[in-house]
Amino acid sequence: MARSQVSCDSNRGKRLLCGVAYEMEHKIAALRSQLADLGQEHVLAGLSSGDSSQRQSLVDQVSSIDLPLFRRALADVVRTLKGNKNRLDKQPIPPKPFPQAKWEGLHEWISSSGDTSNEKDDTARWWSEGLRLVADGEVAVLVLAGGQGTRLGPGAPVAKGMLELSVPEPKSLFQLQAERLLLVEELAAFVTDDTIKRRIPWLVMTSDATDLATRTFFEEKNFFGLEKSQVWFLKQSSLPCVDLDEGHAMLMEAPWKVAMAPAGNGALFSDLRTAGFIKKLSSQGVKYVQVYAVDNALVRVADPVFYGFIHRRQAEVGVKVVSKIHAKESVGVVCLHQEGASNLKCERYGVLEYSEMPESLTTAKDNSGQLQFRAAHICINMFSVHYLEKLTDLDSQLEFHPAVKRIPHMRKTSGIWETVNPARPNGIKLEQFIFDSFQSCDSEKVALLEVSREEEFAPIKNAVGPGIADTVATATELLLALKQRVSALTPEIGAVSKGFALLKAYAGGATESATSDLVNLSIE
């Protein structure tokens, strides 16, 4: 009896193994067919070597790639490369006049110890309106935090948001931004005299390279005083990197791994939909989402002025800009594109890259002597949740662009895998741009707001070095200078209130040594 049972178990095990093997072969055959249709059969070359776990890993990875999306992305990029496509074909014109946020306009708010009943300045009105939106639970924030610290020199953290600045106490970018969020929550509760403090959802968009490190960092830091439930992680989607040469073959990081790269910040919209976060935001009554890049040390997170400005303008899209330092500054500028026949022209907002602008546009000035194309895009945008819902139907229309890079990889030559470390750009990353979403919005529903570069824009892009801009050192210098300017502010009348102290802390970039203590102040 025991022998019979063993025999049955053995046969059952063999049938199970045969079934698994058949399922794997069926999956591989389907993948071969799909890849052959794309001219990418070489991707499965690693199946002829390696152990079973390596072969399984390759099959699992390729199965997870959105091949129809890859086909469309590659078609966009090939069309751009072959046709030398240029957005100047759409006749760029300067944007319509836009206002400037002036933080000195909050002096009245400061001097009145938080009383907002007699505001006359636009910035103060936007500030107060924004705080009411915060108090009513109608705002959220999203940080684009998929960038790695690899370009910032030896010792840089895996994720840029983990980078520390000495202000003078060391604080990571994530900590500075979390504390600014806390200050806005507290300011809104203070102004509205609300005993229940509204929590602002903070969406943290990571990438394959930074996801685990970022989540672990937040856990280790106890979410910087935020509620764990208000921090929503989502991972940016990725697409295969391809060869720059004709044919654009997918590059292999290893025989059993396709080289992948994030699909650009414009993939945000489809990623939000996939994660179910747009529906979640809508169900919670959120109306506006501020979106910004993690590597801006001066970003005003959950900026009440920005929320209030967009709400007052009844806009679907908000764009913060700074004036170009000079005509030759290598930055993208916000402009209008005219499209259609002469009698049916329509205007749509977009961003024109510096490399696309002829000198005639770069140096063109208006009657006041200012550059016509001076509105530099600093990747601080606002989207209404209503517009995000629309973009879930339109995201397939966002064009993919080629990012030509040096991409180390492996290739199989004469049956042998060899490592390739290119000396010059050899590959393409397929990327969508967040500002292409502006084109889907009626120009009357897009609102530009100029802000001070010294107060709101300190990008960290490069390793520290003599004469090198946009480093940790330059960002720290700008942040400390802001802190010093703000520390000199005093109310004109009345006693120092908690509202005044909170505003100073927020305006100064949350550089105080113990922001959490400030949030818990009880002075009135």
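FYI, it's all coordinate maths here, none of it is from the lab. Given the structure is predicted, the values throughout are model-derived calculations rather than measurements. Note that each Cβ is placed from the backbone with ideal geometry, even for glycine, and that neighbours are counted across all protein chains shown.
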Would you mind classifying the stretch 381-491 by shape? Square roots of the alpha carbon gyration tensor eigenvalues, ordered a ≥ b ≥ c; an a/c under 1.5 is rounded, otherwise it is prolate if a/b is larger than b/c and oblate if not.
oblate
Range of Cα positions in the stretch 252-408 per principal axis (Å), largest first
55, 46, 42
Going by amide H atoms built from the backbone, whose H comes under 5 Å of the H on S237, apart from near neighbours?
A263
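Which whole-number percent is the relative contact order of the stretch 328-480 (Cα, under 8 Å, 6+ apart)?
Details: 177 pairs, mean separation 27.5, N = 153.
The normalised contact order for the stretch 328-480 reaches 18 percent.
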Counting other Cβ atoms within 10 Å, keep those with at most 14, restrict to DSSP loop, and tell me which GluC sites (Glu not before Pro) in the stretch 165-254 are left.
E227, E246
Determine the equivalent ellipsoid of the stretch 134-276 by diagonalising the alpha-carbon gyration tensor, then write out the semi-axes as square roots of 5 times the eigenvalues, largest first, rounded to whole Å.
35, 19, 11
Against the empirical 2.2 N^0.38 Å scaling, what ratio does the C-alpha Rg of the stretch 22-88 come to?
1.42
Once the Cα gyration tensor of the stretch 357-405 is diagonalised, what are the square roots of 5 times its eigenvalues, in whole Å and ordered largest first, as equivalent ellipsoid semi-axes?
31, 18, 10
Semi-axes (Å, rounded, descending) of the ellipsoid equivalent to the chain per its C-alpha gyration tensor are 45, 30, 22
Ignoring everything except DSSP H segments at least 4 long, calculate the 222 nm mean residue ellipticity for the chain; use -39,500 (n - 2.57) per segment, divide by total residues, nearest 500.
-11000 deg cm²/dmol
If you average the sequence gap of Cα pairs under 8 Å that are 6 or more apart and divide by the length of the chain, what percent do you get for the contact order?
21 percent
